[in-house]
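> Sharing a structure, written as structure tokens. Questions coming.
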Amino acid sequence: MSFEAACLHRTSADGVFSKVGRKLWDTIQNNTNEENLMSDADAVPNKTPTPDKNLCPAPVVIGMIGGKWKLLILQILIFQGTKRFGELRSSIDGITQTMLTKQLRALEADGLVTRKVYAEVPPRVEYSASADGLALEPVFTSMHAWWGNRSAAG
């Protein structure tokens, strides 16, 4: 199966992958035109389905970590450790309480973030990167190195 066919293949009844795959393919074809990039509205709100092993994993990964806020949340939790909700919100300039809640729930549903609730008054909730989330550290390190090389070259 070709890359295009794999990225466009419909793997779920609601067509999530075909929509995400189409955006990915359009982005590749149009050399990253901004209007073709995924927005938070395109992110999968529930647990991202496990893809068929023969399909392109890029749409699934983009659905799990893509968008305006998820990478920032993961970066903070991976490199700064466990944070409370208020600490996360103050660390991310411009995010609303509703959006942070939505993004944390999606990351938790995908197994990238763990949530620990303490039975105290007032309630205390802490968020941490899970083992799968921590496994993304090399991705962030690679992006940082890429940016450094790019900046040094130009």
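> Residue by residue through the stretch 103-116, note down the ones that are under 20 Å from residue 91 (Cβ atoms) and not hydroxyl-bearing (Ser, Thr, Tyr).
Answer for the stretch 103-116, where residues must be under 20 Å from residue 91 (Cβ atoms) and not hydroxyl-bearing (Ser, Thr, Tyr): 103, 104, 105, 106, 107, 108, 112, 113, 115, 116.
> Regarding residue 90, is this residue more than 12 Å from the chain's Cα centre (by Cα), small (Gly, Ala, Ser) and closer than 14 Å to residue 74 by Cα?
no
> Sticking with this structure for a sec: Would you check if there is a residue in the stretch 55-64 being more than 18 Å from residue 132 (Cα to Cα) and without any contact (Cβ under 8 Å) to a residue 60 or more places away in the chain?
Checked against the condition, which is being more than 18 Å from residue 132 (Cα to Cα) and without any contact (Cβ under 8 Å) to a residue 60 or more places away in the chain, the stretch 55-64 yields at least one hit.
> Ok, one more. Look at the stretch 78-87 and say how many of its residues are surrounded by fewer than 16 Cβ atoms within 10 Å (Cβ to Cβ) and under 17 Å from the mean Cα position of the chain (by Cα).
The qualifying residues number 1.
> On to the next question. Provide a single number: the residues in the stretch 106-150 that are surrounded by 15 or more Cβ atoms within 10 Å (Cβ to Cβ), of a type in the set (D, E, K, R) and in a helix (DSSP H, G or I).
So the answer is 1.
> Going through the stretch 95-105 one residue at a time, which ones are of a type in the set (D, E, K, R) and part of a loop (DSSP other than H, G, I, E, B)?
none
Values quoted throughout were computed directly from the atomic coordinates according to the rules given, and no laboratory measurement underlies them. No experiment lies behind these values; they were computed from the predicted model shown. Heads up, the Cβs are rebuilt from the backbone with ideal geometry, glycines too, and the neighbour counts pull from every protein chain shown.
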